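Written below as structure tokens is the structure these notes are about.
The values are calculated or read from the model by the stated rules, or taken from the named source; none is laboratory data. Note that the coordinates shown come from a computational prediction; the quantities given were computed from them, not determined experimentally. Virtual Cβ from ideal backbone geometry, glycine too; neighbours counted across all protein chains shown. We work out accessible area using only protein heavy atoms, side chains counted, and drop any ligands, DNA or RNA first. Shrake-Rupley method; radii C 1.70, N 1.55, O 1.52, S 1.80 Å.
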Amino acid sequence: MKNRPIIAVVDDDEDDLFLIQEAFKACLKEEKVILANSGQDLLARLETLPILPSFLLLDLNMPLMSGFEVLGKLRADSRYNLMPVLIFSTSSAQPDIDRAYELGANSYVKKPVSFHEYQSVVEDLCNFWLNIASTPSSRI
Amino acid sequence: MTGPLAVLLVGTPNPELQALGKSFRKFGVSHRHLSAGEDGAMDAYFQKGLADALFVPTLIMLDMDTCDPEPVLSLLKHHSVLRRIPVIIYGQGNDPERVHLAYRLGATCYLPKPESWDTSMPHFCSYWKKRVALPAIKVEDILATNPYPNQSNRKRH
């Protein structure tokens, strides 16, 4: 049986996780969304997944383990280092953006403020990463 | 909200590349072409040509059907400033080995060549022009940086 494609999201803010989940519902077909509330939670969940997520949305500002630390761990792990990681942050500080790319982020997307914008951003994310690009897990 | 999208197209000139360039013009995407067939072309571009051209790419698109991506990605990803520039590798088909190779080399993503770039371009632009925050790349930072820290006596172009 074919595994359903997976999208993973990490954010410590419950409201943001809810908004992202609702926004994905509007534009996904068969993909399953995995929500994690911390870097540790994500790493534990990844261990249990049958396939790599098509992409990961990663918040930067989180307690205990920052998004940069999570990104560093993923890029250092041969099981996950090919997984596309999209930084999803409220920060528009250029040093954060530059550092994310230096650490191997696949892109950096500014987190929106309203639900309407969330829907629009998530739709653009899905159109590019699920319909235009190919990822190591999405077409295999 | 984000910096300007400026695309450097890397590959051998052919009708497909012309079609991509035409589509970029149609959708208002600033771009330049670099023929990287000759060894050292990228090196020369970023060490000299870039300063002359005053065109600093914030995204690179490399045609793996006409250009070996490995030396190009190796050069970029070992440079302290250029490594920030996202690189899209595109090519014919969707073979899993090609997809894996692109990501393994450090590409931002792999794009299978679409039947029509004009059809894909609205989604491409909605993402890269509207949503993505791009790195800041300054010519002076590139020129001031030794691109080959482990090869201090390498000949410069």
Out of all Cα-Cα pairs in chain A, roughly what percent, to the nearest whole number, are more than 24 Å apart?
23
Note down the magnitude of the dipole of chain A about its Cα centre, charges +1 on Lys and Arg C-beta and -1 on Asp and Glu C-beta and zero elsewhere, to the nearest 20 debye.
720
Pairs to check: B:26/B:77; A:25/B:22; A:25/B:77; A:29/A:73; A:110/B:138. Give those whose C-alpha atoms are more than 28 Å from each other in this structure.
B:26/B:77; A:25/B:22; A:25/B:77; A:29/A:73
Could you work out the mean count of beta carbons from other protein chains within 10 Å of each residue's beta carbon in B:122-132?
6
May I ask for the longest run of chain A untouched by trypsin sites (Lys or Arg not before Pro) that are loop-located per DSSP and have at most 11 neighbouring C-beta atoms (other than their own) within 10 Å?
A:80-140
Please list the radius of gyration and Dmax for the protein assembly as shown, considering alpha-carbon atoms only, with Å as the unit.
18.7, 56
Heavy-atom accessible area of the protein assembly as shown with neighbours in place, 1.4 angstrom probe: carbon+sulfur share in percent works out to 50
